[in-house]
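Okay, here's the structure, questions in a sec.
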Amino acid sequence: MFWSIGDGPRNVGRVELAADQLSLSPTTRGAGIDVTRFRDLVRVLLERGTLRVERRTQPPLTIGSLDTPGALRELAERLSAAVG
């Protein structure tokens, strides 16, 4: 999957869900893992093949998938359920 944080550059890597958080692990060496707890999610929107995740105190995330749109839809559903 790929994502960007706010207006930042596009990253590629793994998007993982745990019991209470979303983790973004880029494949780029030296890049840090971005972790968002579900309680910090504000809104989740799936539009035109991208997922926008708005967070309380951090810039929004834009997440996409080049090869598995079904996975993106499933991610949207699970995050939406966590919001409320």
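The numbers here are math on the coordinates, done by the rules we state, and not lab data. For clarity, every value in this text was computed on a predicted model and none was experimentally measured. Ideal geometry is used to build each Cβ from the backbone, glycine not excepted, and the neighbour counts take in all protein chains shown.
Restricting things to alpha carbons, tell me how big the chain is in terms of Rg and Dmax, in Å.
11.7, 35
If I build a Gaussian network model for the chain, linking alpha-carbon pairs within less than 10 angstrom, which residue out of Gly70, Gly49, Gly30 has the largest mean-square fluctuation?
Most flexible of the set in this elastic network: Gly30.
Quick check on the exposure proxy: order Ile63, Ile33 from fewest to most C-beta atoms within 10 angstrom.
Result, fewest neighbours first: Ile33, Ile63.
Could you work out the helix-only [θ] at 222 nm for the chain, with each DSSP H run of four or more residues adding -39,500 (n - 2.57) and the total divided by the number of residues, to the nearest 500 deg cm²/dmol?
Calculated at 222 nm, the ellipticity per residue is -6000 deg cm²/dmol.
Another one. Excluding the sites themselves, what is the longest stretch of the chain that contains no trypsin sites (Lys or Arg not before Pro) in a DSSP loop with at most 11 other C-beta atoms within 10 Å?
Formally, the longest exposed-site-free interval is 57-84.
I would also like to ask the following. Evaluate the relative contact order of segment 2-83 (contact order divided by residue number), counting alpha-carbon pairs under 8 angstrom at least 6 apart; express in whole percent.
This gives 26 percent for segment 2-83.
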